[in-house]
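Below you'll find the structure, written out as structure tokens, and then a few comments.
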Amino acid sequence: MTRHPLLSKMLIIGLLMLMLALALALVRSVVAERSAYRAAATDEVAAAHAGAQTLSGPVIWLPYTETSVRVVKVDGDKGPRMHEETVTEQRVAVQFPKLMDTRSELATEQRLRGIFPVTVYTSRHRSTGRFVWSEIVPRSPGGRIALGQPLLLMGVSDARGLLSAPQVRVAGQQLVMARAPAQAPLPLAAGLDPALLRPGAVLDLELQFELAGTGGIGWVPLADENSVTLVSAWPHPSFRGNFLPRTRSVGDTGFEAHWRVPALSTRAQAQFVERGDARPELEQFSVALADPVDVYRLAERAAKYGLLFIVLTFAAFFVLEMVRRWRIHPMQYLMIGAALVLFFLLLLSIAEQLGFATAYALASAACISLLAYYLRYVLGGWRPSLATSSLLVALYGVLYGILMSEDNALLMGSMLLFGVLAAIMVATRKIDWYHVVPADRQVAAAVAREARPASGSVA
């Protein structure tokens, strides 16, 4: 290896980068662990408050009995004969609203679980709708229908979030909402007057209730025409689900979104009938109260660029070592790399307390100051130290731009790599790599020459 000092130096630096990559992996595991703690804190708040809510219905759910006479062939003493038997079957009819118009207001607040903030909300909902009752037709010819107790069903995914009993009026009658029977597909039910269910009867509906939740809220579009308008002061909504809002306006003072979903655009009704409930697999639309600056997501993204950060820094020092004939020991490379890795741990720990932007500024200032002080002794003066520190300032600035511009991260990262490669090629364009001898080898050779006795000298 002593015959190839350049190769030896590169192999040692590569080994150091591998060690630092392992350290970065540990930092990323810490980020994942803290993110899991935050998720657990959110679950704890949701367990004591209420979880994310999905609203379903209302629908009319009517159990009924169908009795019919069936003729079957039976074997007798005198041969086969026809026999009539009465068949009774228990069935359920589900009728969906023709239209449903909901206007909702959502107010948010943040609660702390330890150091972790969790966004919770209370919402107020006012809905109007209309049912047009269709007569139940027997499935068997000549069958007779006996209606059971009709129920108006509605669902919320976490009933603990109900702040009061929903107020419901159907066809001018005030209904009392309570827990639904165990066999009902939705958790809340109100009994309907069977006299209202005349063929072709128009049943106008009014519904009001208040609901608390955590993280997000959504709707299952079970009506033939579904219209939902949501207004909130939360400025950072994330629209999700199978349908995006037809119109929306988002600003610093909050957002307003309007969904309009006809039955022809969704299979929610068919899925409800097939599955018999409103499980999360049904088509729906929702809005999540997203954190605009998720410190754990940004810290994770920053740590992913950590190895690139170290490679670029080491490459810059290595090239400058070749061009400027600096003498940087592998142990000094390790110290510099350790400071770069520590930056990401500082970033995470400070961001949990002060926010990502402030944490990035403080962590980068601390690491750059430490490296500037250290390089003043490594490079033999403040001028080269400040010059190399300015490169680190630029590198930290570019990394912050990449983190804040997620949509353009690939473009900015590619341009950064191209720029660094171009700078290295320009800086090393005149180096004869076959005859590169580090400064320490030159010094050793000079010392050896001075110690060697001159030829022809007399002892």
| request: Set the Förster distance to 22 Å, then compute FRET efficiency between Gln149 and Val69 from the Cβ-Cβ distance, nearest 0.05. | output: 0.25
| remark: Under the 7 Å Cα-to-Cβ spin-label approximation, Lys98 and Leu391 lie apart by a distance in nanometres of 7.6 nm
| remark: Reduced to Cα centres, the span from the range 336-358 to the range 32-61 in Å works out to 30 Å
| Convex hull (Cα only) mean projected area of the range 170-320, reported in nm² to one decimal | 15.1 nm²
| request: Tell me the label-point distance for the pair Glu256, Arg139, using the 7 Å Cα-to-Cβ offset, in nm and rounded to one decimal. | output: 4.8 nm
| Distance (nanometres) between label positions extended 7 Å along Cα→Cβ at Arg91 and Ala48 | 5.1 nm
| request: Would you give the gap between the C-alpha center of the range 85-132 and the C-alpha center of the range 155-205, rounded to a whole Å? | output: 12 Å
| request: Please give the residues of the range 319-358, grouped as numeric ranges, whose backbone N is less than 15 Å from a label point set 7 Å along the Cα-to-Cβ vector of Tyr374. | output: 328-346
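Quick note: the coordinates plus some simple rules give every number you see, no bench work behind them. Every value quoted in this text rests on a predicted model; they were computed, and no experiment measured them. So basically every Cβ, Gly included, is an ideal-geometry build from the backbone, and we count neighbours across all protein chains shown.
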